[in-house]
Amino acid sequence: MTGRPRLEGPFRRFGVVCREHTPDVLAIVERLRAWCENADIDVVVENDAGRDPDSQLDFASDPVDLVVALGGDGTFLRASRLVVGTATPVLGVNLGRLGFLTAIPDSALEDGLTEIVAGRGIIDYRFRLRAVIQSVGEVSSEDFFALNDIVVHTTGAARVTALTLQVGDSGDLEEVGSFGADGVIVSTPTGSTAYSMSAGGPIIGPDVEAIVVTPICPHSLAVRPLVLPATETIRVGSLDPAGEHQVTVDGQVVHELRPGDRVVVGGEADPLALVRLSGQTFFNTMRRKLNWAIRPPERA
């Protein structure tokens, strides 16, 4: 894990994405404003915490040098979607509980920003997914981008549904199989430590460009998670004509599926530039945040 690119300035303008109802978030925004004023850096803060699409920051038409996500992993994931189509790096400041994707706690906000502006920030490029919904004879014009996962699942009461899985391009489709499950998770390596892991999927190092397909509670002992090349295209559909399904993107963006719809998922060409500080590695974070491979204390 050596040879990572450094985040280099100059830094003239920061964009701030935050979760409005996080305790003390407004006070933390003011701390960030004060620090930036001292450093001669302009700040633009989103309104309504992203609830109103018309008020969201548009980093494509109004660029910034760095996006600071104040919140937990959910806020970071939302910030990652706002920078799609740009090369803008994202720094996560943890105000939540787990904060697996965030680089610094709010208590170290000023020190962390000082490190970043001094050129000691490190960029991790993270593979992302792009999905579209394909109806009979047509493909939706809306793209969905995910840093963690695309999930196809039933709506309403939890129940088993029949799903079908295909891989390959439209002219060279191969049937992987069909199975009964509560749904299926199509995840990136970054998302392999999130919902996919909870559903029994493998942990994939973030440097590996791969796609993980993890059935949710499959109604069979013969169905196991799959790890596929990042270049693969995956199609998930329902075999239940009366089933009610939806697609969820990074646990936040929800779109209803009509009978006969297919969710087509593939790799996004442009990765996300995730910012971290020196000493913050993937395995270090797994040990601290997930208690992975932590030995119990020796007996006295």
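The values are calculated or read from the model by the stated rules, or taken from the named source; none is laboratory data. The shown structure was predicted, so the numbers you read here are calculated from the model rather than taken from an experiment. Methodologically, a virtual Cβ is constructed for each residue, glycine included, from the backbone with ideal geometry; neighbour enumeration extends over all protein chains shown.
For S187, the test of being within 29 Å of N291 (Cα to Cα), crowded, with 19+ Cβ neighbours inside 10 Å and of a type in the set (G, A, S) is passed.
Only one entry of P297, P259 meets the criterion of being exposed (fewer than 15 other Cβ atoms within 10 Å of the Cβ) and at pLDDT below 85, and that entry is P297. Residue count for the range 109-160 satisfying the condition of being of a type in the set (S, T, N, Q) and within 30 Å of R4 (Cα to Cα): 2.
Of everything in the range 239-290 that is acidic (D, E) and not in a strand (DSSP E or B), the residue that is nearest to A79 (Cα to Cα) is D250.
If you go through the range 262-281 and keep only what is crowded, with 18+ Cβ neighbours inside 10 Å, in contact with a Gly (Cβ under 9 Å, 6 or more places away or on another chain) and farther than 30 Å from E244 by Cα, you end up with L274, V275, R276. Exactly one condition in (1) within 21 Å of E256 (Cβ to Cβ); (2) of a type in the set (A, V, I, L, M, F, W, C); (3) assigned to a strand (DSSP E or B) is false for F127; which is it? Failing condition for F127: (1). On inspection, T114 does not qualify as surrounded by fewer than 20 Cβ atoms within 10 Å (Cβ to Cβ) and touching a Pro at 6+ places or on another chain (Cβ under 9 Å).
Filtering V236, V265, V247 for residues that are in contact with a His (Cβ under 7 Å, 6 or more places away or on another chain) and either free of Cβ contacts under 8 Å to residues at least 24 places away in the same chain or not acidic (D, E) (or both) leaves a single hit, V247.
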